[in-house]
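Single-structure report; data block below.
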Amino acid sequence: MTVLRRATPLDAGRVGAILSAWIDETPWMPRIHTRAEDIAHADMMVQRGWVTVSECETITGFLARDKDDIHALYIAPDARGQGIGTRLLADAMQHHDHLTLWTFQANTRAQAFYERHGFAQTDRTDGAGNDEGLPDIRYQWQRTQP
């Protein structure tokens, strides 16, 4: 059975490995940090209390959120297509009336995912403001009032 829970410091290695796996398998994504730096970044997000993990015997995915800003949503390669991303996002949406995030313009899969869940594009940039230098898109979700 899959559970969602707040990440603990012992989860940083697995969270960093999931992030690294996505970078490794994405041809257009430059690797600008080492795998050790990915784990350190994961540890920083965990220490700040931003990370919710999905776990079924092992961690299968995570969402990192600072208040209403989603910083990361990644699923382990062997766990994709099972609704884990949807569960993590629904959990964040349940606790907030407004969420924002950035995704890369090349990440058409992420764009389709967020748009399916009610996010709308609010801005596009040439990538000058992100570490990777890749064009990106700002998305926003707002709970509709009944």
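The values are calculated or read from the model by the stated rules, or taken from the named source; none is laboratory data. Here the structure is a predicted model, which means the values were calculated and not measured. Neighbour counts run over all protein chains shown; Cβ positions are idealised from the backbone, glycine included.
Some observations on this one:
- Filter result for the condition that a residue is in contact with a Lys or Arg (Cβ under 8 Å, 6 or more places away or on another chain) and part of a helix (DSSP H, G or I), over Ile23, Ile39: Ile23
- Among residues of segment 77-98 that are crowded, with 17+ Cβ neighbours inside 10 Å, those with a beta-carbon under 7 Å from a residue that is assigned to a helix (DSSP H, G or I) at least six positions away or on a different chain give the pairs Gly85/Phe113.
- Single residue of segment 130-146 satisfying the filter (more than 26 Å from His96 (Cα to Cα) and out of contact with any strand residue (DSSP E or B) (no Cβ under 8 Å at 6 or more places or on another chain)) that is surrounded by the most Cβ atoms within 10 Å (Cβ to Cβ): Gly133
- Restricting segment 101-126 to residues that are of a type in the set (S, T, N, Q) and farther than 16 Å from Met29 by Cα, the residue that is surrounded by the fewest Cβ atoms within 10 Å (Cβ to Cβ) is Thr122.
- Residue in segment 37-44 that is touching a strand residue (DSSP E or B) at 6+ places or on another chain (Cβ under 6 Å), surrounded by fewer than 15 Cβ atoms within 10 Å (Cβ to Cβ) and at pLDDT 95 or above present: no
- Filter result for Arg65 (basic (Lys, Arg) and farther than 21 Å from Gln140 by Cα): no
- Among the residues of segment 1-21, those that are surrounded by fewer than 16 Cβ atoms within 10 Å (Cβ to Cβ) and either among the aromatic types (Phe, Trp, Tyr) or in contact with a strand residue (DSSP E or B) (Cβ under 8 Å, 6 or more places away or on another chain) (or both) comprise Met1, Thr2, Val3, Arg5, Arg6.
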